[in-house]
Amino acid sequence: MKGYNYLEFPPGTNIWKKSARLLALSFERLGVLGGYFLVTYIALSKAFSYQFTVSKALFIVIMIVAAIYSILPAPSNPNSMVFMEVFFRGPKVVMSQSLRSTLRADPIEEED
């Protein structure tokens, strides 16, 4: 990389790939939230009565918390979501022979 001026254009800056600005909501995250809304709406219309009860309110609160948790960044890959980590990584690892070792859970400390 002879002759490259790092002061003009720092490495790692991709001007074509800008991240989402508002609460880091990308189309992927909005799609997951839309899916949660759809599942919640169908479940509320089919499983619960027309009256607003405590169980209905509790279900709504649990679904909101689950939706927010699922769009958080995944601990193993900050560019991915917890939703993708939970629902898609397991089957992908099971299907791919080269990724099988990534699903193994090793203990942190050795036993005596």
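The values are calculated or read from the model by the stated rules, or taken from the named source; none is laboratory data. All values reported here derive from a predicted model rather than from experimental measurement. Ideal geometry is used to build each Cβ from the backbone, glycine not excepted, and the neighbour counts take in all protein chains shown.
General observations
- Of everything listed in (1) within 20 Å of the chain's Cα centre (by Cα); (2) modelled with pLDDT of 75 or more, the single unmet condition for Phe52 is (1).
- Given (1) over 22 Å from Gly90 (Cβ atoms); (2) at pLDDT below 90, number of the condition Leu72 does not satisfy: (1)
- Qualifying residue in segment 48-56 (condition: charged (D, E, K, R), out of contact with any helix residue (DSSP H, G or I) (no Cβ under 7 Å at 6 or more places or on another chain) and assigned to a helix (DSSP H, G or I)): no
- The condition (being of a type outside the set (S, T, N, Q), in a helix (DSSP H, G or I) and in contact with a Lys or Arg (Cβ under 8 Å, 6 or more places away or on another chain)) is satisfied by just one residue among Val93, Val39, Val32, Val65: Val93.
- Qualifying residues in segment 87-102 (those that are farther than 11 Å from Val32 by Cβ and either surrounded by 12 or more Cβ atoms within 10 Å (Cβ to Cβ) or in contact with a Gly (Cβ under 7 Å, 6 or more places away or on another chain) (or both)) - the one modelled with the lowest pLDDT: Leu99
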